Structures are given as C-alpha cells and as structure tokens.
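Structure record follows, encoded as structure tokens.
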Protein chains: 2
Amino acid sequence: MSVDGGPTPAAGRSSAVGSPTAGSSTAGGRPSGVDGRPPAADGGAEDLARYLRGQATDFLRALRRHRESGVEDASAPAMALRRTARRISGTLHTFRPLLDATWSDELRTELAWLSGTLAREHACTERLDRLLNALQRLAGSTAPVPAQASASPTGQLTVGAAKAGALLDRQLTLARTRAHSTALQALGSSRFHAVADNVAVLASDVPLRRDAAAHRLAPFAADVEARLADAVQTLPLVRAGHPYNAEALMHGLSAETAPETQDAPWHQARLLLRLHRYAQEALGIRDFDPRLLTASRALDRHRDAAEAAAAASSAARTPRIAPATAYALGVLHADQRHEVEAARFAFKGAWQRSGSSSAVSLP
Amino acid sequence: MSVDGGPTPAAGRSSAVGSPTAGSSTAGGRPSGVDGRPPAADGGAEDLARYLRGQATDFLRALRRHRESGVEDASAPAMALRRTARRISGTLHTFRPLLDATWSDELRTELAWLSGTLAREHACTERLDRLLNALQRLAGSTAPVPAQASASPTGQLTVGAAKAGALLDRQLTLARTRAHSTALQALGSSRFHAVADNVAVLASDVPLRRDAAAHRLAPFAADVEARLADAVQTLPLVRAGHPYNAEALMHGLSAETAPETQDAPWHQARLLLRLHRYAQEALGIRDFDPRLLTASRALDRHRDAAEAAAAASSAARTPRIAPATAYALGVLHADQRHEVEAARFAFKGAWQRSGSSSAVSLP
C-alpha cells in the first residue's frame, strides 16, 4: 500500500533529512560508510520494503516456532523474535520519512514494548551467570559455577562469597521467574496480537509514502552514522584509552546515582551503533566492519557489567545480611565496575582501529 | 682496619662471585649496566670504603638531627636514618666478600631491624592517607580527606563509606601510635646504641678484608643485576602487560592467603631493584636510568596498594560492623587490588622501555 503526503523530516534531524545529500557524505554526494568504505548498495524504497518484508517474515516464523515449542526450548524462538523486532523497529525509525509516519511510529512503540518484555528473562539469566562466574574467578577457583551456592560445596569460596552467591541466586532467579511469567502473559495478550497483525501487514505490503520512490536510502543511513559519530565524540575516549584510569568506580561509594549518569552516554552509543548496523543491512551491506562489531560487543559487555554491578550493590542493601556477605558484594560490585572500565578501553581501541573517529559529523 | 682471610663466596651465588668476570658481563669482561650502558666507574675497595663512610656519616648526622628535633619535626631525620640504614645494609650485602663477613652480617641484621622499626610509623600514615583518598575518589568527591571521617561532614560519602573511613582511621591511627612508641623505645635502647657505635666505626674505618684491594666492585654489582633479571623473569609480565587482566583480584574472595603468594615475587623484585640501585651508587654511578626509577616507583606503589588492600579486608573482619561498612570495605579492597594490577602494568612498561628485559642473566 501507499500513503499520501510527502516525506516528513525525521524527528530532531530535520536539516539532514530535508536535504538528503547532507550528513556524512563525500564531495561526490555518495555517503561513505562509517568504516570508510562506500556502501555496497545505494538502494531505494523498494530495497527498504524488501528488507522489512524479510524481517517481518522472520518474525512471524519465529512466532510460529515459539508457539510450537515446549517450555524448555522456547529460548531460541524468543531470541529470534527479539532480534527481528529490534531490526524492524530500528529500520522504521531510520527510514521514517519514507513510511506512513503514524502507522510506523505506533508499531515501533509496540515493538519496543515487546522486545523489552522478551529481553528481561534472558537478561536475568545472563546476569546471574556473569555474577556467579565472577565470584568463582574472585575465589581463584576453576570449578564449575554452583547452581545453588548455598546448597552445594563451594570450593575455595569464603563464607561471605558463598552467601553472596546464594543471595544473588535467589534474587535473580525470582526476577527471572517473574520476567518469564510477564513474557508469557504478554505473548497471550490482545496487545501482542495487534502487534503480530501489524507485522503480518509489513510482511506482505510495506506502507510506503507515495513519493518514497523518489528517495535513496543512503542519506538516511548516513544520518544515523553521523548521529553515532556525534554520540561517540561526547564520550571521554582519551581517558578510556588510558588503562586503569579508575573512572568507572568513581562515585561507586557516592550517595548519588552517578554510575547511571556516567554510563548513559555509552549506552546511547551502543543503541546508535546497533541502529547503524541495521541501516547498513537495509542498504544490502552484509559485511559490516568486523572492527565495528568488536566495538559493538564491547558496548554490550559495558551494559552487562554495569547492570551486574548494580545488581550486586542492590543485593548488598538487602536487610539483615551478614557483614561478610556485604563485603563480598562490595568486592563483586567493584570487580564489575572494572569490567565496565575494561569494556570502555576495548571499545576505544576497536573504534579507533575502525577509523570511525575520523568520520565527518553533522554540524 | 683490615681483616685476615680471602674473599668468601656470596651466599647462593658462589659461581659468580668465585669468578668475578662472570655474571652479566660483555665479551670484553666489562659488565654492562642493566640499562645497557657501561658503568661510569669501575671502582675498587677504596671506592666501596668511601661510599660506606659517606653513608655512615649521613646516618650519624641524621641521628643527631633526630635527637635535637622535637616530636613534631622528627619525620625528616627518621626518613634519613631509614634511607642510610637501607643503603649501608644493602651495600654490606652486595659487597660482602670484600668485607669482614661476621662483623658486616651482624650489622646488616641490626640495620634491618632498625629500618623496619622506623618504617612502620611512616607506613601507617601513608596507608591511612591512601585509603581515605581512595574512599574520597570512590565517592567522586574532590573535598579534602577528612581527618576524622566520623566527626566531620563527609560530603558525598555514603554512610557505609563514612563509617569505613572512620574505622580505618581508628585502626591505623592506633597502629601508628604503637609504631611511634616502639620506634622511640628502639632509639633509646642499648641495642640501638650498639648499632650506632658500629656505624660510627664504619664512618671512620671500613672493615675491609686484607685482599679486598685485589678486587673490582663491578662483578659484584653485576651479580645483583643478574639476580634482578632472574627475579623479573619469573614474573607474569605478559599477563601484566594486558590491561584489565583481573589477575590481582584473583583469590580476592578465597579463603586462602593467595594474594600474599601472588604478590611475593613482585616484592622480591622490588627489593632487588633497590639493591641494584645502591650497588650502582657504590660504583659511583649517579645517573641511575630514570626508566628503572619509574619501574622502582611502580613496585613501591604495588607494595603500598597491596598492603592497603590487606588493611581494608582486615578492617572488614572487625566484629559487629554494619553491612554497609563491610560493603564499602569490599569496594575499597577491590579498588586497591586493581591499583596493584595497575602498578604491575606500569612496571612492565617501564622495565621493557629500560631494555632490561634483554639483559643477560646468569645460568
């Protein structure tokens, strides 16, 4: 289907979208990739529609597999649902001026709700794994992670570390169980059925605007790239490149919520790097710069470690815990904040190797 | 004065000392410095005697200043006493075969007791400073360190951090007061008067062996250098050169005394690097490689951070502390262990820049 009305400016980036050759384009008007290579494809609206149809089809297939799967093997289809939901949502955002704005904004909101809901259970599982592994590492043990730190022999762990592990196990298992129930409820809700119906529309007939065919995709992708470059420019990369700068633990004992404040720009860069990758995919570029993939993984690790550190300090606020347990949680918190710092160091290296630091940014 | 009998082999290094041109010498028989430069001087027993007389004179002068000083300004003379005691002791050790062995071994033992006793008060002061500064840093505060964390406003510190600071302040101030009393008692003891008498002998007439004049100093200095190179070779430098390797926190939550075990070889390298510096001084080399000084300072920082981390974990074992206090001490412990790791990283860089890693070591 096709929708009336000309392209509307992308939210907050009107200049770039209003003049499609703006952004990080070269003198010849062709945007250069964030990795310095020209895009392999300079597609148009039809390529966008094809990409969205493909992702929507994958979403529906994952949904079918999820419904057919038992409770035990639902995690792969759930991951595929999250994966496609993120891609559809990101693509609707990047190429918004080519699409029916009202329709795609609404679907984006709903896909964000869905992927957020589905991600929570997985995140709890990963976080618990990360924290129990860290406790084992801190104890210098090579033994496997105990499923129930309180119930099984804990090798070299001190009493405090064992109790900390058991406490985290209880808290994160409870959170995971809740997230699981919430996800099941969400997948059975009428709200979800409406999302699935809209994705089914996308799988057959992408709601492009009538004049979408007059536009190329590359300038919109270049706009995302420029926003990414802008976001990375605000990061304290010089400091991050200096090993053991102790930045990530700053405010670790402050009453303020300073860690969240200092982490936020890195989380923002992570989301923009993901958006950039999806935009490249929509352009038909399959070989995303592996150095940017490394940078992306570093920011994932940054997020995971930051959330694990927060879980450790949150567990330490549990009433009536033993001082030895609190001590172990303090060590664990600091350890994960150093992982945060290590991830920033790794990101800085990968980003600079990718040459993205020299990308032209929008004024 | 001169003592009968030929040079005896240095303990544990008989081959090198028995054949003075062995060790890290070049083909021409002249030892090369650990920094790759030939020593500026290739002195003999008279140079050794002159160096020892100089240090002994400085020791006696510092002792006089210490006795004349009030309680408040005794720290500079005390530092000078430690400084000269360490140099005399190290020199007696390195050039033992040129000296009356019984006499110098006994003096060495007594100087080690003295400098150890005098160092303790200073170490407590430094450790408390380091820990309170770290707490401020962890709180993200730029305010000056509170002398009494419990009694003064603590800015951004959480209750746990403030209580941890107050606890450390109490414990380390008590330890410092005890160390101060012990040092005062030591300086008034007959044991100390015997040390001072022996240093006075050294200031006028170094007890060289009768055949000492037949030997050069350089091979003995080269022997120290080779022992240093051997000690550094046992360090996990490859791992230390990889930032954020998380090695120093390994076993941080173990019931074993693993931190001490993993730190010991680094402490050993620190002592040998100091011994090497004193040997170079005795040879008349004033411009000790600044990169080795940097390496030396990194190992000092390694020792300080390791001891501060131990003080934090020891404070966490105080009975009846609040969980929030224990948590802050856990964060502080991990922070200082990361300082340990950062110091190893810094040492590795300085050592390799100095070119010492390619120094020939004894078989």
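Modelled spin labels at A:H267 and A:L184, positioned 7 Å past Cα toward Cβ, are 2.9 nm from each other.
In terms of its C-alpha gyration tensor, region B:170-319 comes out oblate, because a/c is 1.5 or above while a/b does not outweigh b/c. Taking amide H positions as modeled 1.01 Å from N, with prolines and chain starts lacking one, the residues under 5 Å from B:L99 and 5 or more places away or on another chain are B:R209.
Among B:219-225, A:102-108, how do they line up by average Cβ neighbours within 10 Å per residue, starting with the highest?
Descending packing order for the listed peptides: B:219-225, A:102-108.
Modelled this way, with points 7 Å down the Cα-to-C-beta line, the labels at B:D73 and B:R170 are 3.6 nm from one another. When the trypsin sites (Lys or Arg not before Pro) in region A:281-354 are filtered for DSSP coil states and for at most 15 other beta-carbon atoms within 10 Å of their beta-carbon, the remaining sites are A:R286, A:R317, A:R320.
Taken about its Cα centre, region A:283-323 carries a charge dipole of roughly 180 debye when the Cβ of each Lys and Arg holds +1 and the Cβ of each Asp and Glu holds -1. What number, in percent, do you get for the relative contact order of region B:225-352 if the mean sequence gap of Cα pairs under 8 Å and at least 6 apart is divided by its residue count? Result for region B:225-352 is 36 percent.
Here the Kirkwood formula puts the hydrodynamic radius of region B:215-297 at 14.6 Å, using every distinct Cα pair.
Rounded to the nearest 20, the Cβ-based charge dipole of region B:41-354 about its Cα centre (Lys and Arg +1, Asp and Glu -1) stands at 440 debye.
Taking the label point 7 Å along Cα→Cβ, A:E126 and its counterparts in the other copies are spaced 4.4 nm apart, in ascending order.
Residue-wise HN-Hα couplings along region A:315-320, as the Karplus relation 6.51 cos²θ - 1.76 cosθ + 1.60 with θ = phi - 60° gives them from phi, are 4, 5, 8, 5, x, 6 Hz; Gly and Pro carry x. How would you classify region A:41-354 from its alpha-carbon gyration tensor, with a ≥ b ≥ c the square roots of the eigenvalues: rounded for a/c under 1.5, else prolate if a/b is greater than b/c, otherwise oblate? Taking the square roots of the gyration eigenvalues as a ≥ b ≥ c, region A:41-354 is oblate. Label-point spacing at A:R67 relative to the other copies reads 9.9 nm, in ascending order, each point sitting 7 Å out from Cα along Cα→Cβ. Backbone geometry of region A:268-284 corresponds, through the Karplus equation with coefficients 6.51, -1.76 and 1.60 at θ = phi - 60°, to 3J(HN,Hα) couplings of 5, 4, 4, 5, 5, 5, 5, 4, 4, 5, 5, 5, 5, 4, 4, 6, x Hz, x marking Gly and Pro. For region B:178-283, with the dipole built from +1 on Lys and Arg beta-carbon atoms and -1 on Asp and Glu ones, taken about the Cα centre, which of B:F220, B:A203, B:Y278 lies farthest toward the positive end? Highest projection toward the positive end goes to B:A203.
Placing a label point 7 Å from the Cα of A:R178 along the Cα-to-Cβ direction, the distances to the matching points in the other copies come to 4.7 nm, shortest first.
Taking a ≥ b ≥ c as the square roots of the Cα gyration tensor eigenvalues, with a/c under 1.5 meaning rounded and otherwise prolate when a/b beats b/c, else oblate, which class fits region A:180-221? Since a/c reaches 1.5 and a/b is larger than b/c, the shape of region A:180-221 is classed as prolate.
Can you give the mean number of other chain Cβ atoms that lie within 10 Å of the Cβ atoms in peptide B:243-249? That works out to 5 on average.
When only Cα pairs below 8 angstrom with a gap of at least 6 residues are kept, region A:41-354 shows a relative contact order of 25 percent.
What net charge do the residues around A:A264 carry, taking every other residue with its C-beta under 12 Å from that of A:A264, with Lys and Arg at +1 and Asp and Glu at -1?
0
Projecting label points 7 angstrom from Cα along Cα→Cβ for A:H193 and B:T318 puts them 6.3 nm apart. Checking every one of the trypsin sites (Lys or Arg not before Pro) in region A:174-236 against DSSP loop status and a limit of 15 other Cβ atoms within 10 Å picks out A:R210.
Taking 28 Å as the straight-line reach from the Cα of B:K348, the lysines in range (excluding those fewer than 8 positions away in the same chain) are A:K348.
Quick note: the coordinates plus some simple rules give every number you see, no bench work behind them. For clarity, every value in this text was computed on a predicted model and none was experimentally measured. Here the Cβ is made from the backbone with ideal geometry for all residues, glycine too, and neighbour counts use every protein chain on show.
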